[in-house]
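Remarks on the structure that follows.
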Amino acid sequence: MTEVLDIAPWRLAAALLLIAVVFVLSFRERLGLERSLLMATVRTFLQLFLVGYVLRAIFALEHWAPVLGAVAVMVLVATHTAVSRLKRRVAGITAFAAIALTAGSGLTLVFVTEVVIGVRPWFDPQYVIPIAGMIVGNAMNGAALAGERFQAELKNRVPEVETLLALGFPAPEALAGLRQEAIRAALIPRGRPVSDRCDADAHGGGRVHERPLPRAARAAVLHPRPPTAPPPGRGLSGRGR
Amino acid sequence: MPVVILECRGVSLHYQGGDGAAGREVLRGVSFTLKAGERLNVVGPSGGGKSTLLRLLNRFEDPDQGKVLFHGKDLRTYDPLEIRRRIALTLQTPVMFDGTVRDNLLRRPRERRAALTEADLRGALEDVALDATFLDRVAGELSGGEKQRVAIARVLLMRPEVLLLDEPTSALDPVAAGHLIETVTTLNQEKGLTLVVVSHDLNVVRRLSGRLLFLAGGEVIVDAETCASLEHPTHPAVRDFLAGSLP
Ligand SMILES: Nc1ncnc2c1ncn2[C@@H]1O[C@H](COP(=O)(O)OP(=O)(O)OP(=O)(O)O)[C@@H](O)[C@H]1O
Ligand SMILES: [Mg+2]
């Protein structure tokens, strides 16, 4: 194994400079983000501090059980977060999401650590834990986006779904179009165009800003084109006509 | 002696409120019978439970109490997919899918789509008084009345025994509404299709004639022959409704 870099505390503190840049920007452009930036920084700081201690303990044990335990905790937290982002409670959805996230991120994790990287020993926390963090985090986002989009589509497309049911389609087929939209929403790559984010915002999906932005700023972020032109992209209004 | 095709026995239903709270009762102790080949008007004030009653008859909803019988057997003992084929429902606002009228008429589970011939499609359009040139029109560009007819033709292709129409004329002018009612009455008289029609429009109700079920506050207030009940309304709720409907 190659050597790990030791990062001096003053270098870590320098990371705060990056936040300071955003802070100044927010202040000068009156974005009103200072408060939430401050909160987020403090929260991140505390979280990383705590996680650091826990991880140090796990690393020291050099045993597979605590590593798998950490991954299990990640999946549980991810399940809870994904489910709590749904607008409507559905019976049995937590168990369903837990199974999906465990199977989906579990298989991916095994594939990446074993086949792609070849981690030795197989549970080496230095690799397994950060990679699991990325995979589980992405899976959580995907699950939450899919769930949110499915429920939003269902709400908007009741007449269409009921018409299909009335024509004798079994429920899974009557919902196929919605499922497709949900999967699409979950799979859109992160660096997606603004128009898609507007689409997600219209469904209450995209939580880009913690606090409402001032009107002008919001318009500029959401509609970089002149506000008279309707935002491009596939709106729902044209559906089922 | 016509057979009873559908029967409601003491049916009550309430919708789930927000977050699972028990909602208000929407139907209360509703009982009536429908004979094969009958025409039934369902009339009453807004929110009285008319649409809910139709949804109960094709199993979009199930009753909390009481039961619905179809050919003497509890509706819940049938496969819902079979029920929705034999008891067809059209919604108040017809939904047209992308594509032509032909695409819309063919929009159904694969095995049933395969069984449909061009002649079936023409026949279904003819049943709703549209000529065959409509097959290649873009469905989304039709007028409200034409869409309503295509929606009815679409469910007629399932060869249902009962046709449930939820306010089929609410988007139509009086002339188009009259034509549509004439069309479905013909289907009833010539093919023996049993009809249940929800309507606000008294002209439509009179034109369909047949029987009348007056629903208010989730209860059946009047169940009688249509013309007689409108000429001599005995119940104050019906009189209020008639007075409010006068132009
Ligand atoms: N999905 C639902 N969830 C909760 N309540 C509902 C739902 N659908 C209908 N209701 C309520 O049930 C009652 C009866 O509704 P319904 O649609 O059956 O009335 P209606 O007689 O068809 O009225 P209208 O003439 O306005 O169409 C109404 O008070 C309505 O608010
Ligand atoms: Mg209604």
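The values are calculated or read from the model by the stated rules, or taken from the named source; none is laboratory data. Predicted model only: the values in this text are computed from it and were never measured. FYI the Cβ positions are ideal-geometry reconstructions off the backbone, even for glycines, and counts take in every protein chain you see.
Among the residues of the range B:70-83, count how many are touching a Lys or Arg at 6+ places or on another chain (Cβ under 7 Å) and of a type outside the set (Val, Ile, Thr). Matching residues across the range B:70-83 total 3.
Restricted to strands (runs of 3 or more DSSP E) entirely inside the range B:12-85, those with at least 2 residues that are without any contact (Cβ under 8 Å) to a residue 40 or more places away in the chain are B:22-35. Here the range B:146-193 is the region considered, the condition is being among the small types (Gly, Ala, Ser) and buried (at least 20 other Cβ atoms within 10 Å of the Cβ), and the residue that is nearest to B:Gly123 (Cα to Cα) is B:Ala153. Being within 14 Å of A:Glu162 (Cα to Cα), surrounded by fewer than 20 Cβ atoms within 10 Å (Cβ to Cβ), without any contact (Cβ under 8 Å) to a residue 60 or more places away in the chain and among the hydrophobic types (A, V, I, L, M, F, W, C), is that true of even one residue in the range B:102-123? So far as the range B:102-123 goes, no, none of its residues is within 14 Å of A:Glu162 (Cα to Cα), surrounded by fewer than 20 Cβ atoms within 10 Å (Cβ to Cβ), without any contact (Cβ under 8 Å) to a residue 60 or more places away in the chain and among the hydrophobic types (A, V, I, L, M, F, W, C).
Kindly provide the set of residues from the range A:13-57 that are among the acidic types (Asp, Glu) and in contact with a Phe, Trp or Tyr (Cβ under 8 Å, 6 or more places away or on another chain), ordered by number.
The initial filter retains those residues of the range A:13-57 that are among the acidic types (Asp, Glu), namely A:29, A:34.
Hit for the range A:13-57 is A:Glu34, nothing else.
Which one of A:Pro130, A:Pro121 is farther than 30 Å from B:Pro94 by Cα, part of a loop (DSSP other than H, G, I, E, B) and out of contact with any His (no Cβ under 9 Å at 6 or more places or on another chain)? If you could, list the steps in order and put the result at the bottom.
Values: A:Pro130 fails: part of a loop (DSSP other than H, G, I, E, B).
None of the others qualify; the one that does is A:Pro121.
Name the residues in the range B:73-85 that are more than 13 Å from the chain's Cα centre (by Cα) and buried (at least 17 other Cβ atoms within 10 Å of the Cβ), would you? Of everything in the range B:73-85, those that are more than 13 Å from the chain's Cα centre (by Cα) and buried (at least 17 other Cβ atoms within 10 Å of the Cβ) turn out to be B:Leu75, B:Pro80, B:Ile83, B:Arg85. Against the test of being among the β-branched types (Val, Ile, Thr), away from ligand 2 (no atom under 14 Å from the Cβ) and modelled with pLDDT of 95 or more, the options B:Val3, B:Val11 yield a single qualifying residue, B:Val11.
Go through the range A:146-158 and give me each residue that's within 12 Å of another protein chain (Cβ to nearest Cβ) and either among the small types (Gly, Ala, Ser) or exposed (fewer than 15 other Cβ atoms within 10 Å of the Cβ) (or both). A:Val158, the sole residue that qualifies.
Quick grid of which residues meet (1) within 14 Å of another protein chain (Cβ to nearest Cβ); (2) over 30 Å from B:Arg24 (Cβ atoms); (3) within 16 Å of ligand 2 (Cβ to nearest atom):
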residue	(1), (2), (3)
B:Gly72	no, yes, no
B:Leu81	yes, yes, no
B:Ile87	yes, no, no
B:Leu91	yes, no, yes
B:Thr100	yes, yes, no
B:Arg112	yes, yes, no
B:Ala119	no, yes, no
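Under the condition of being crowded, with 21+ Cβ neighbours inside 10 Å, more than 9 Å from ligand 2 (Cβ to nearest atom) and not small (Gly, Ala, Ser), the residues counted in the range B:40-52 number 4. B:Glu126 fulfils the conditions (1) within 14 Å of another protein chain (Cβ to nearest Cβ); (2) over 14 Å from B:Leu6 (Cα atoms); (3) of a type outside the set (A, V, I, L, M, F, W, C); (4) part of a helix (DSSP H, G or I) except for a single criterion, (1). Filtering the range B:129-170 down to residues that are more than 16 Å from ligand 1 (Cβ to nearest atom) and in a strand (DSSP E or B), which residue is nearest to B:Leu6 (Cα to Cα)? So, considering only residues that are more than 16 Å from ligand 1 (Cβ to nearest atom) and in a strand (DSSP E or B), the one nearest to B:Leu6 (Cα to Cα) is B:Val162. Please tell me if A:Arg88 is surrounded by 11 or more Cβ atoms within 10 Å (Cβ to Cβ) and either modelled with pLDDT under 90 or closer than 27 Å to A:Ala152 by Cβ (or both). Answer is yes for this residue.
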